[in-house]
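Notes follow the structure.
The values are calculated or read from the model by the stated rules, or taken from the named source; none is laboratory data. Since we're looking at a predicted model, the values are computed, not measured. Glycine also receives a Cβ, built like all others from the backbone with ideal geometry; neighbour counts cover every protein chain displayed.
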């Protein structure tokens, strides 16, 4: 194993031939995210989530997840982020990471108990999901006036693919990247999980004290789901562009919160599902 990919021996079948060869597959390992926070007894530690991820950028993933789920509100609330526990005997990886908060930071224990919206089949109705967003105090991004040229957006997929180092070897990872109005990719992360890739990007911005990111856009390699739209909103990013289709709830969220949502971004063409004013057609 070399970090994010693993070399294995396979049999490749082509027509009537079977050929033995080496191949690289994307690594998928569990990561337990723990939260260390002040309590009446002095200090407490609680397991918040277990996610299947591609190892690498675990600190960004952990703080990005805590931020996009509303458990922490800023990077300066974090005292430390470190792996803990013994390395896995098979992989050598340390699959537990603890985010310790600074003294005086209040933690909503009820929020830690709730079920996170992590899949499209979670069974939570759209209205309840959007109402939950409003309860967390998320504000509309309608006043964010950053604009992005059509040609800049059209070129994003090629830029993303060119920077996907592990995808080039394995073909098995999602990617997410934030870009500026000139099309420069500022942060790019890969992971087996689409939501993890976005959390890694958001976590990197948080640790660099660059949130909210009202002048940036977010590009994802897959579809635009409600959860990815939600994470984009929490990060204060006004535009989400996806290679594939958006869901109906993602479109509704974008409309309700003044965001721009782009889907089917392929071969120089794309659909705008909400917030078309941020996309300029002139060069």
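The residue list 79, 142, 146 contains one member that is at pLDDT 80 or above and either touching a strand residue (DSSP E or B) at 6+ places or on another chain (Cβ under 7 Å) or at positive phi (or both), which is 79. For the range 1-41, residues that are surrounded by 10 or more Cβ atoms within 10 Å (Cβ to Cβ), out of contact with any strand residue (DSSP E or B) (no Cβ under 8 Å at 6 or more places or on another chain) and under 30 Å from residue 109 (Cα atoms) total 1.
Taken residue by residue, the range 107-121 has at least one member that is in contact with a strand residue (DSSP E or B) (Cβ under 9 Å, 6 or more places away or on another chain), assigned to a loop (DSSP other than H, G, I, E, B) and at pLDDT 70 or above.
How many residues does the range 266-283 hold that are on the phi > 0 side of the Ramachandran plot and in contact with a helix residue (DSSP H, G or I) (Cβ under 7 Å, 6 or more places away or on another chain)? Matching residues across the range 266-283 total 2.
Kindly indicate whether residue 64 is out of contact with any strand residue (DSSP E or B) (no Cβ under 8 Å at 6 or more places or on another chain), surrounded by 20 or more Cβ atoms within 10 Å (Cβ to Cβ) and part of a helix (DSSP H, G or I).
When the stated conditions are applied, residue 64 passes them.
When we screen 20, 11, 49 for residues that are assigned to a strand (DSSP E or B) and touching a helix residue (DSSP H, G or I) at 6+ places or on another chain (Cβ under 7 Å), the only hit is 49.
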